[in-house]
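Each remark here refers to the structure printed beneath this line.
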Amino acid sequence: MPKIKRLYLFMLQGFLPLFSMTFFICLFIVLMQFLWRYIDELVGKGLEISVIAELFFYAALTMVPMALPLAILLASLMLFGNLGERFELTAMKSSGISLLKVMSPLIVFISMVSVGAFFFQNNMLPKAQVKMWTLLFSMRQKSPELDIPEGAFYDQIPGYNLYVEKKNRDNGMLYDVKIYDMSKGFGNASIILSDSAKMSFTSDKQNLFLQLWQGESFENLKEQQIAHSGVPYRRESFTNKEIMIPFDSNFNRMDDKGMRSQYIGKNIHELQHSIDSINGRIDSIGGAYGKYLQELNYVGIEPYKRVLVDGKAKMVENPPVTLAKALNVDSIFKGQSLRERQNFVANALDRSRQTLSEFEFKSYSLKDDKKIKIRHQIELQRKFTLSIACLIFFFIGAPLGAIIRKGGLGMPIVISVFLFIFYYIIDTAGYKMSREGRIEVWQGIWASSAVLLPLGIFLTYKAVNDSAVFKPEVYIEWFKRITGKTMLRHIEMKELIMDNIDNSIAIEKIQHLKATCAEFLNQYKNKLSYKAYWHKGIDKHKLAELSAELEETVEYMKNSDSQLVINKLMDYPILKSLLFYHPVNNQIIASVIMVIFPIGLLGYYIGIKQQSALKKEIKTIDSVSDEIIKILSEIK
């Protein structure tokens with residue numbers, strides 16, 4: 001037990017620093033992404049450092065759901081890659097400790113992180129999102145910092161355009177100033193020209209104070225215009241003039257009450273309550289529309305009538321109207337004049353269009369409610385996805401690191417970024433599709449987890465069983481088995497032979513093998529027809545028996561002390577049981593494939609080619625057997 005506890009401590013001591021480092025690195029990267037996205041709304045506003053720092057603090061909290069899974073993936077990949085590269089993982093396995101036992105302290109730790117991530121998503125993240133978006137909207141409404149350029153018009157003051165030819169930055173003097181005042185409308189515009197000016201703010205920073213020297217002003221007086229006369233204007237020359245321009249340069253923080261009522265500012269209980277309320281509202285609106293349709297007047301017949309029951313108005317269904325005989329509407333319509341028929345059709349079309357436009361207008365509120373409901377459902381599902389993503393990424397990173405056995409920051413970063421981009425693309429696509437109502441909300445939000453979960457299970461299984469996942473030789477061998485590529489037999493002569501073969505017994509075994517091969521070739525002497533191939537094919541049981549007899553004979557002959565015999569044994573082919581020898585066992589399915597000619601003919605062509613290659617291999621067995629018998633006969 002002390003040994004195991006020391007192992008647990010060793011794993012935690014190796015994982016925690018890596019996890020902390022990768023988490024803050026990932027958080028910094030996604031925070032830079034946030035900065036580049038909103039940098040245009042922050043630059044040039046004259047915001048205080050404390051306000052910007054507060055925005056970045058809340059933005060960092062909102063970026064935790066993106067940075068945390070990536071940090072877990074990268075840290076676990078680096079840790080187990082380092083252990084595999086330094087052969088520490090091999091030493092642990094050789095001492096009888098399984099990979100799951102090595103991972104167990106980290107599994108407990110990641111489980112605790114997942115539980116903490118859930119409470120973070122439910123309790124802290126809504127508040128952080130409310131604060132961040134409130135600050136961001138407040139910054140958007142903040143007036144830009146006043147910095148009038150030289151030789152260009154400045155239009156950031158509402159209702160005013162300012163032009164300054166030259167500035168003296170030492171004393172703040174402005175030269176050749178033009179002020180275009182459009183605050184009262186274009187018809188009452190005024191223009192002020194000045195040789196020099198000085199600008200300052202009032203103490204409350206609500207107004208811009210300008211002191212002008214040596215200039216003129218021109219003002220339209222459209223409000224005083226007399227009928228049938230030109231627009232009067234006023235011209236004024238001044239040596240010293242003072243004007244006040246409204247310009248609020250303060251940072252006014254918005255109230256976050258409205259943002260808290262949005263879906264981003266609610267926890268699970270509040271989201272579920274909002275969803276139930278929206279469902280009730282949608283049902284009530286739908287019921288009201290249905291009732292309205294039932295009460296509509298069709299062809300002058302009222303389906304319901306209003307009666308008083310215990311002093312209260314109540315709608316009661318009218319009895320159905322019965323006719324003495326069937327009414328032929330077509331004959332009545334055709335019996336009218338052309339003008340009356342045109343009026344009937346025009347009135348019906350007008351009523352249909354009016355009803356359609358009325359219900360389209362009423363459906364707008366239903367569409368809005370459904371959109372709001374979907375947003376709430378998405379946010380509700382996302383309260384759980386972060387916790388599951390943390391576990392999935394750990395069970396991808398840890399076994400993957402144990403398999404590839406590459407530590408450091410090179411290969412792990414490449415693999416982590418690739419996997420996370422794959423996860424992010426699926427997650428974003430699922431989110432957009434569910435937001436637009438193309439798929440169910442739970443399908444879109446859980447799509448990324450559903451795709452990566454089998455990968456985590458597969459990698460964990462392979463790592464625990466020490467399976468070769470990234471060795472190309474394994475896949476080349478598998479490809480050869482599927483496509484029927486020839487595999488070479490490799491046999492080495494034994495340095496020490498305990499029980500040498502009996503040549504007479506060896507010859508007897510080889511002759512029996514030759515007889516089995518002859519029987520097999522005689523059974524499939526002719527090429528199979530299209531129907532026989534799909535319904536019968538090659539008997540895989542007989543082929544398996546032939547292959548087993550061949551391997552048994554070779555295994556016995558390995559004990560020969562003759563190098564010629566050993567070399568000749570390697571000429572024996574390895575018989576394989578390929579799919580296209582007999583692809584379908586079910587007769588009904590075989591008949592269906594036969595009817596589908598493109599597939600059936602292609603499969604038949606491949607199968608005949610593989611069967612022909614099989615016959616050549618069996619003939620090779622027969623010829624090699626003759627050569628071995630000849631060699632054994634010459635050995636005394």
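The values are calculated or read from the model by the stated rules, or taken from the named source; none is laboratory data. Owing to the predicted nature of the structure, the values given are computational and were not obtained by experimental measurement. When we count neighbours, we look across all protein chains shown, and the Cβ atoms used for this are built from the backbone with ideal geometry, even at glycine. Ligands, DNA and RNA are excluded from the accessible area calculation, which covers all protein heavy atoms including side chains. Shrake-Rupley method; radii C 1.70, N 1.55, O 1.52, S 1.80 Å.
Key figures for this structure:
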{"item": "Filter result for Leu391 (modelled with pLDDT of 80 or more, in a helix (DSSP H, G or I) and in contact with a Pro (Cβ under 9 Å, 6 or more places away or on another chain))", "result": "no"}
{"item": "Candidates Leu327, Leu293, filtered to the one that is part of a helix (DSSP H, G or I), open to solvent by 70 Å² or more (accessible area, probe 1.4 Å), out of contact with any His (no Cβ under 8 Å at 6 or more places or on another chain) and modelled with pLDDT under 80", "result": "Leu293"}
{"item": "Condition met for Ile593 (open to solvent by 50 Å² or more (accessible area, probe 1.4 Å), within 41 Å of the chain's Cα centre (by Cα) and touching a residue at least 12 places away in the same chain (Cβ under 8 Å))", "result": "no"}
{"item": "Residues within the range 526-553 that are open to solvent by 70 Å² or more (accessible area, probe 1.4 Å) and in a loop (DSSP other than H, G, I, E, B), tallied", "result": "3"}
{"item": "Residue among Leu579, Leu601, Leu543 that is of a type outside the set (Val, Ile, Thr), at pLDDT 85 or above and over 17 Å from Lys509 (Cβ atoms)", "result": "Leu543"}
{"item": "Residue that is outside any loop (DSSP other than H, G, I, E, B), open to solvent by 40 Å² or more (accessible area, probe 1.4 Å), under 18 Å from Leu488 (Cβ atoms) and of a type outside the set (Phe, Trp, Tyr), where the choices are Lys609, Lys630, Lys616", "result": "Lys616"}
{"item": "Which listed residue, of Leu380, Leu366, is within 30 Å of Ser76 (Cα to Cα) and touching a residue at least 40 places away in the same chain (Cβ under 8 Å)", "result": "Leu380"}
{"item": "Identity of the residue in the range 322-365, among the aromatic types (Phe, Trp, Tyr) and farther than 30 Å from Ile282 by Cβ, that ends up farthest from the chain's Cα centre (by Cα)", "result": "Phe333"}
{"item": "Output for the range 516-525, where each listed residue is free of Cβ contacts under 8 Å to residues at least 60 places away in the same chain and surrounded by 12 or more Cβ atoms within 10 Å (Cβ to Cβ)", "result": "Thr516"}
{"item": "One residue from Ile275, Ile372 being at pLDDT 75 or above and open to solvent by less than 70 Å² (accessible area, probe 1.4 Å)", "result": "Ile275"}
{"item": "Selected residue (criterion: modelled with the lowest pLDDT) from residues of the range 36-60 that are open to solvent by 40 Å² or more (accessible area, probe 1.4 Å) and under 30 Å from Phe422 (Cβ atoms)", "result": "Ile39"}
{"item": "Flag if Phe238 is more than 30 Å from Phe118 (Cα to Cα), in contact with a strand residue (DSSP E or B) (Cβ under 7 Å, 6 or more places away or on another chain) and either loosely packed, with under 14 Cβ neighbours inside 10 Å or modelled with pLDDT under 80 (or both)", "result": "no"}
{"item": "Hey, Arg341 touching a Phe, Trp or Tyr at 6+ places or on another chain (Cβ under 7 Å) and without any contact (Cβ under 8 Å) to a residue 12 or more places away in the chain or not", "result": "yes"}
{"item": "Qualifying residue in the range 158-165 (condition: assigned to a strand (DSSP E or B), at pLDDT 75 or above and charged (D, E, K, R))", "result": "yes"}
{"item": "Hey, Phe87 free of Cβ contacts under 8 Å to residues at least 24 places away in the same chain, within 28 Å of Gly116 (Cα to Cα) and either of a type in the set (Asp, Glu) or out of contact with any helix residue (DSSP H, G or I) (no Cβ under 7 Å at 6 or more places or on another chain) (or both) or not", "result": "no"}
{"item": "From Pro65, Pro69, residue being under 25 Å from Ile29 (Cα atoms), crowded, with 21+ Cβ neighbours inside 10 Å and in contact (Cβ under 8 Å) with a residue 24 or more places away in the chain", "result": "Pro69"}
{"item": "Checking Met570 against (1) in contact (Cβ under 8 Å) with a residue 40 or more places away in the chain; (2) open to solvent by 80 Å² or more (accessible area, probe 1.4 Å); (3) aliphatic (A, V, I, L, M), the condition it does not meet", "result": "(2)"}
{"item": "Evaluation of Tyr556 against (1) exposed (fewer than 14 other Cβ atoms within 10 Å of the Cβ); (2) within 15 Å of Met493 (Cα to Cα); (3) not β-branched (Val, Ile, Thr) (one fails), failing number", "result": "(1)"}
